[in-house]
Amino acid sequence: MSDFIRYTVWFLCLLGLPVAAQKRAFKPVFTNMTEFGVSLGQVRYNVSAVTESVRKQQNITAQTFNGVQLRPKLAVGGTVGVDWYSSALLLPVCAGVRYDLAQPGAKNLRVFTSLDTGYGFTWLNQDPTGYETKGGWVIAPGIGFRTGRPQNANFILSLSYRRQEAEVDKPLFANEIYKSESRVYNRIAFRVGLSF
Amino acid sequence: MRPKLYLLLAWLPLLATSCTDTCRETRTYRRFTPMTLSTAQIRQGVQSEPTRTLVNPGKLYTKDGFLFINELKEGIHIVDNRDPAAPRMVSFLRIPGNGDIAIRNNILYADSYMDLLTFDISDPQNVRELKRVENVFPNGQLDGGWWTLDAQRQLVNDQKVDYVTETVKTNCDGPVMNWPQTWTSLTSGSWSSFSTASFDNASAALNSSGTGGSMARFALYDHYLYTVSQTAMQLFDIRNPADPQLGNNINLGWNIETIFPYKDKLFIGSQTGMQIFDNSNPEKPVQMATFQHARVCDPVVVHEDKAYVTLRSGTSCQGFTNQLDVVDISNLYSPRLLKSYPMKNPHGLSVDFPNLFICEGAYGLKTLNAQDAMNISELEHLEGFHAYDVIALGKTLLLIGQDGFYQYDYSNPRKLRLLSKIPVKRPYTVS
């Protein structure tokens with residue numbers, strides 16, 4: 001977990017470097033990125049001396065980034081998303097950064113990078129009786145394409161890594177005194193969306 | 001371009017996680033391993049020992065400023081609590097297989113696996129064994145483990161209890177199914193409360209029974225000691241308190257766990273409700289009715305014609321509501337639920353009218369004003385600690401928590417004042 005915090009801080013510091021030379025003052029403007037896609041991963045469980053089970057996970061994820069375009073290439077704002085994991089509905093509320101990395105071949109296509117970090121809430125989640133799900137920290141760096149001119153609405157395609165923590169208190173049976181599960185979701189998310 | 005390259009490289013270590021969810025479930029449970037003891041071993045094991053730390057406290061009795069705290073399966077801690085701000089451990093009375101105690105005047109009754117022991121506690125610093133009635137209990141349950149008496153071979157087959165914590169990898173999908181409970185209750189034996197702090201005892205003026213605070217399998221009424229096992233109720237005639245005589249044995253059915261005498265009735269607690277026995281002839285209690293507003297997992301306290309019952313999730317009785325019920329018991333044949341108050345996870349409770357104290361498990365202690373049953377208001381909510389059971393002792397409140405017994409002064413019920421703490425070192429931790 002501390003690794004991710006370090007990388008986040010490092011990444012945010014590096015953002016300061018490219019903005020040295022500006023020709024004229026850039027007026028900050030509202031920007032939005034809304035995406036919808038799947039979050040994919042695997043899980044290894046029932047580990048014993050003899051066998052192990054592996055399952056592939058695929059869940060729906062969606063988010064909307066609303067912020068301010070501070071520089072031609074840099075936007076800062078907040079992200080609210082929703083992740084429909086198999087047994088928890090989490091609402092990550094994050095601070096987000098979007099940075100345009102390059103414009104390959106001066107075509108109508110830009111590569112952007114994103115970083116969101118925040119906390120996943122369980123406000124919308126319904127637990128079965130006896131279970132209590134608590135949210136946790138989430139961090140999601142990503143990279144993507146945007147097609148279209150900067151002054152128009154763009155289509156975006158993004159690929160991001162998502163790490164979400166959660167904790168569940170489970171009901172006790174018979175001889176049990178304490179039962180709790182700590183979860184870390186490590187997923188790759190493919191999303192498509194719009195940006196303006 | 002350099003900074004941009006660094007940005008891309010910054011993500012590479014993340015690939016090492018290979019997008020695999022990791023979910024670990026940690027659970028603590030009791031593991032039972034069979035063990036055998038000889039009856040001779042058990043009988044010779046009774047002695048007075050130096051004080052020790054509380055580990056697994058069960059039933060608690062308070063008498064004349066002294067606390068008699070049962071240490072499950074081991075014996076009884078004797079604590080001098082005449083100054084609640086400075087309780088002092090006096091001694092430890094070792095009784096193998098002890099699960100329950102009852103006190104009347106200066107006589108203490110305790111079970112020791114299959115036997116009933118009688119002690120003289122007129123001088124708590126110097127407890128003397130008076131009598132042992134042998135082979136009266138055929139089986140029993142202590143801390144979730146069962147024991148049975150093999151009278152022919154003079155052996156007791158018991159189960160040793162270990163607390164095991166293990167971590168397993170799960171598939172992150174959480175609830176898969178709720179397994180139905182098919183076996184009988186395996187409660188820890190120390191969380192539920194049948195506090196009799198304010199019930200009318202016909203012989204209260206002459207005798208003084210101690211005030212019990214935990215799940216009661218022993219009960220005193222008139223000149224009888226009632227003991228319940230899983231299926232039957234065994235009476236002891238204690239006309240001569242130092243010399244209990246074996247009395248009637250009444251079959252009760254299955255899943256019987258607790259007994260609570262109230263006026264001339266006996267409430268016998270099971271997992272589905274409480275059976276009410278008419279005790280006007282104490283030698284022969286007769287079943288009268290069933291009180292369905294409380295099961296054995298639901299602590300009950302009674303004040304005059306109102307019963308206060310707490311229901312909670314996470315017990316072996318498989319309930320999922322968390323609330324306080326106020327029941328009108330002026331007519332026991334048809335008790336009426338007056339009102340339900342939502343709670344967080346209520347455990348034991350105690351009443352010193354109009355103050356009602358409710359332990360909210362991991363959520364602390366609540367002090368309520370129960371003057372008006374239809375409008376019970378909260379006076380104070382102390383948080384930040386576990387509260388399992390509580391006994392109101394007139395001026396001080398004894399609270400049984402995760403890591404100790406706390407004593408509070410409640411002369412101002414809106415602001416409880418902590419007086420002292422008797423530490424408990426439990427063999428497992430509950431976060």
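Taken together, the values in this text are just the output of simple stated rules run on the coordinates, not laboratory data. None of these values were measured; they are calculated from a predicted model. Please note: Cβ atoms are built from the backbone with ideal geometry, for glycine as well, and neighbour counts cover all protein chains shown.
Shown for A:ARG71, B:ARG153, B:ARG217: other C-beta atoms within 10 Å of each C-beta, ranked fewest to most, produce the order B:ARG153, A:ARG71, B:ARG217.
What pairs from B:LYS366/B:LYS415; B:LYS59/B:LYS425; B:LYS265/B:LYS366; B:LYS63/B:LYS366; B:LYS63/B:LYS395; B:LYS73/B:LYS421 go past 19 Å between their alpha carbons? Listed pairs above 19 Å: B:LYS265/B:LYS366; B:LYS63/B:LYS366; B:LYS73/B:LYS421.
Amide H contacts for B:SER229 (H built 1.01 Å from N in the peptide plane; partners 5 or more residues away or on another chain; cut-off under 5 Å): B:GLN234. Kirkwood radius for segment A:29-88, taken over all pairs of different Cα atoms as the inverse mean of 1/r, rounds to 14.3 Å.
Between B:ASN139 and B:GLU283, the simple label model (points 7 Å from Cα in the Cβ direction) yields a spacing of 3.1 nm. Projecting the alpha carbon convex hull of segment B:224-307 along each direction and taking the average yields 5.7 nm². If I fit a long axis through the Cα atoms of helix A:2-14 and take the longest principal axis of the Cα atoms of chain A, what angle between them do I get, 0 to 90°, rounded to 10? Relative to chain A, helix A:2-14 is tipped by roughly 10 degrees. Cβ-Cβ distance of B:THR22 and B:ALA373, R₀ of 51 Å, FRET efficiency by 1/(1 + (r/R0)^6): the value works out to about 0.50.
With both labels modelled 7 Å from their Cα along Cα-to-Cβ, the B:ASN331 to B:ARG128 distance reads 5.4 nm.
Per residue, chain A reaches -2000 deg cm²/dmol at 222 nm when only DSSP H runs of four or more residues are counted, each adding -39500 (n - 2.57).
With a Förster radius of 22 Å applied to the beta-carbon distance between A:ALA102 and A:ARG6, the computed FRET efficiency rounds to 0.30. With a cut-off of 19 Å, note down the residues of segment A:84-126 whose backbone N falls inside the zone around a label point 7 Å from the Cα of A:ARG149 toward its beta carbon. Residues A:103-111 qualify, since their backbone N sits under 19 Å from the label point. Residues whose amide H falls under 5 Å from that of A:ALA102, counting only those 5 or more places apart or on a different chain, are A:VAL111, with hydrogens built in the peptide plane.
Taken over the Cα atoms of chain A, the convex hull encloses 142 Å³ per residue. With a Förster radius of 60 Å applied to the C-beta separation of A:VAL82 and B:ASP80, the computed FRET efficiency comes to 0.50.
In order along segment B:73-78, phi translates into HN-Hα couplings of 6, 10, x, 10, 7, 10 Hz, rounded to whole numbers, per the Karplus curve 6.51 cos²θ - 1.76 cosθ + 1.60 with θ = phi - 60° and x for Gly and Pro. Coupling constants for segment B:400-415 follow from the phi torsions by the Karplus curve (6.51 cos²θ - 1.76 cosθ + 1.60, θ = phi - 60°), and in residue order they are 9, x, 5, 10, x, 9, 9, 10, 10, 9, 10, 4, 10, x, 7, 9 Hz; glycine and proline get x. Overall dimensions of segment B:30-145, expressed as equivalent-ellipsoid semi-axes from the Cα gyration tensor (√(5λ), whole Å, largest first), are 24, 17, 12. State the percent of C-alpha pairs, over all pairs in segment B:270-355, separated by a distance greater than 14 angstrom. Every Cα pair in segment B:270-355 considered, those over 14 Å come to 65 percent.
A convex hull fitted to the Cα coordinates of segment A:95-196 yields 107 cubic angstrom per residue.
Out of every Cα pair in segment A:54-111, what percent are spaced more than 12 Å from each other? For segment A:54-111, the fraction of Cα-Cα distances above 12 Å is 73 percent.
What whole number of Å gives the distance from the Cα centroid of segment B:401-418 to the Cα centroid of segment A:135-196? After rounding, the separation between the Cα centres reads 45 Å.
Sorting B:LEU332, B:LEU93 by the number of Cβ atoms found within 10 Å of their own Cβ, with the fewest placed first, yields B:LEU332, B:LEU93. Sorted ascending by nearby beta carbons within 10 Å, beginning with the fewest, A:ARG6, B:ARG132 become A:ARG6, B:ARG132. Sorted from longest to shortest, the spans of the Cα atoms of segment B:320-431 along the three principal axes equal 44, 33, 22 Å.
Shown for segment A:64-192: lysine pairs separated by 8 or more places, or found on different chains, whose C-alpha atoms are under 21 Å apart, numbering 4. Give me the log10 of I(q) over I(0) for the protein assembly as shown at q = 0.06, 0.11, 0.12 Å⁻¹, as the Debye formula computes it from C-alpha points; what are the numbers? Debye output, listed in q order: -0.45, -1.01, -1.14.
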